Amino acid sequence: MKTIIEPFRIKVVEPIRLTTLEERRTLLAAAGYNLFAIHADDVIIDLLTDSGTSAMSAEQWGAVMRGDESYAGSPSFYRFETAVRELMPFRHVIPTHQGRAAEAILFSIVGGPGKVIPSNTHFDTTRGNIEATGAEAVDLVVAAAHDPDDLGPFKGNIDLDRLEKLLVEQGERVPLVMLTVTNNAGGGQPVSLANIRATAAIAHRHGKPLIIDGCRFAENAWFIKCREPGQESRSVKDIVRDMFASADGMTMSAKKDAFANIGGWLAVNDDTLAAAARNRLILTEGFPTYGGLAGRDLDAIAAGLHEIVDEQYLRYRVRTNEYIGEKLTALGVPIVRPVGGHAVFVDARRFLPHIPPLQYPGQSLAVALYEHGGIRACEIGTVMFGLRPDGTEVAAEMDLVRLAMPRRVYTQSHADYVVEVFEEVAQRRDQLRGMKIVSQPRQLRHFTARFEPLS
Ligand SMILES: Cc1ncc(COP(=O)(O)O)c(C=O)c1O
């Protein structure tokens, strides 16, 4: 088979400043060994996140010029609403400035002390927004998700038995059921159409709505097309529509599968919930036809939604990550398999078995990748998930380092460079040390905590 090439030409470029090892060591110390504190100009390959980092297309930049900045009733809003509803036909589409704003609005209405919100795995901002209301966020992903070598096709699925049990035992505390597609915090693994439908059926039998966190809906649909029996001859667009057909609403970060640099939305069918959400939106985000965004952002999202379901793009997108995953596996670097949709997740706990979880092997590996190659990756493990609301600390289920691929930004030689840096780090893995946290906030600590390497 021929190489699956980047299905686009590059029209605008952005130079990369190539730093030295010495420079990077100084920068790391100044940043408290937290890669979120490093200036992007000092990064060679930025794999911190795929969120908001997409290269926009010529069509999207054209749409930006078309953007209308009317306070109320902008045509940009209606183009945005039409594009969303073409894929996810919810009755109410409420724009927000990004995904977490949609979450904050939703949980300010349905959350609160004593409430329990189940999901396959809540992403950190979702968990943070739930816990900020005093509610409890519960992860019920299938057991296979915790085994990085299990090659199951849908390791993002929710465990239906555990969901049923929770609803039977504590149903009165559950205002809604969530599903994250793909399951970012669980390795970017997809959720099958069958699992989405079964989750909706269980939720509805208990009188609960199903809300999908749809950030990476197109990548999830591509996996359904490639892996779920009976789906292979259907278009991604049809699969997307089916994914949302049995749900009652969604939260969305348009910074992922809408190719936008900013934006999001909350969509629901329930009129009362929508009215409450819009009232809240006016307080915190803005009028319901712009919701914290400029009209031009809404147009960029609308154009991005047309492009994201392109199957040539999705084939290339998923292949990029597989390519890196295959090369890392050949080097003996343990990764979560199968490779997820938006990122390669490296199993830092297994890569650095001499560093215990509470000394943050993921952070140690992420720091080493920056030090040796200027690569910025993201710890998704005990730093991100280990701090409990009562201030105590536990090891996360896994200590991963996420190499998140920005959409349409890097080429195959950038990918080869990433692999070469891994090779160098792998050669000195025994010398890598754990980290300790010297300051941290009580919530979402990974963004601002400061670290020191242990001697
Ligand atoms: C699964 C998931 N949900 C929600 C969010 C939050 O979206 P945003 O960053 O736009 O607030 C993210 C962001 O990474 C995510 O991956």
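The values are calculated or read from the model by the stated rules, or taken from the named source; none is laboratory data. Keep in mind that what you see is a predicted model, and the values were worked out from it rather than measured. FYI the Cβ positions are ideal-geometry reconstructions off the backbone, even for glycines, and counts take in every protein chain you see. Only protein heavy atoms, including side chains, enter the accessible area calculation; ligands, DNA and RNA are left aside. Shrake-Rupley method; radii C 1.70, N 1.55, O 1.52, S 1.80 Å.
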(Q) What's the total number of residues in segment 234-293 that are acidic (D, E) and closer than 25 Å to D68 by Cβ? (A) 2
Q: Please enumerate the residues belonging to segment 22-42 that are touching a Phe, Trp or Tyr at 6+ places or on another chain (Cβ under 9 Å) and under 16 Å from G434 (Cα atoms).
A: L28, G32, Y33, N34, L35
Q: Count, please, the residues in segment 187-222 that happen to be on the phi < 0 side of the Ramachandran plot and either among the hydrophobic types (A, V, I, L, M, F, W, C) or open to solvent by 30 Å² or more (accessible area, probe 1.4 Å) (or both).
A: 23
Q) Could we say that A203 is assigned to a loop (DSSP other than H, G, I, E, B) and within 27 Å of G186 (Cβ to Cβ) here? A) no
Q. From A426, A395, A377, which residue is of a type outside the set (S, T, N, Q) and either open to solvent by less than 10 Å² (accessible area, probe 1.4 Å) or within 19 Å of N321 (Cα to Cα) (or both)?
A. A377
**Q.** segment 105-128, subset open to solvent by 40 Å² or more (accessible area, probe 1.4 Å) and in a helix (DSSP H, G or I), residue nearest to the ligand (Cβ to nearest atom)
**A.** R127
Q | For N184: the one exception among (1) open to solvent by less than 10 Å² (accessible area, probe 1.4 Å); (2) within 15 Å of the ligand (Cβ to nearest atom); (3) touching a helix residue (DSSP H, G or I) at 6+ places or on another chain (Cβ under 8 Å) | A | (3)
Q) All but one of (1) touching a His at 6+ places or on another chain (Cβ under 7 Å); (2) at pLDDT below 95 hold for G341; which doesn't? A) (1)
Q.
Which condition from (1) open to solvent by 40 Å² or more (accessible area, probe 1.4 Å); (2) in contact with a Pro (Cβ under 8 Å, 6 or more places away or on another chain); (3) hydrophobic (A, V, I, L, M, F, W, C) is the one that A275 breaks?
A. (2)
Q | Residue that is farthest from the chain's Cα centre (by Cα), among those in segment 187-208 that are more than 15 Å from E164 (Cβ to Cβ) and more than 16 Å from the ligand (Cβ to nearest atom) | A | A194
Q. Are any residues in segment 129-159 within 14 Å of the ligand (Cβ to nearest atom), among the polar types (S, T, N, Q) and in a loop (DSSP other than H, G, I, E, B), and if so, which ones?
A. none
Q. So which of A267, A303, A277 ends up being touching a His at 6+ places or on another chain (Cβ under 9 Å), within 25 Å of R241 (Cα to Cα) and part of a helix (DSSP H, G or I)?
A. A277
Q) Looking at segment 318-373, which of the residues that are crowded, with 20+ Cβ neighbours inside 10 Å and among the basic types (K, R) is nearest to A218 (Cα to Cα)? A) R337
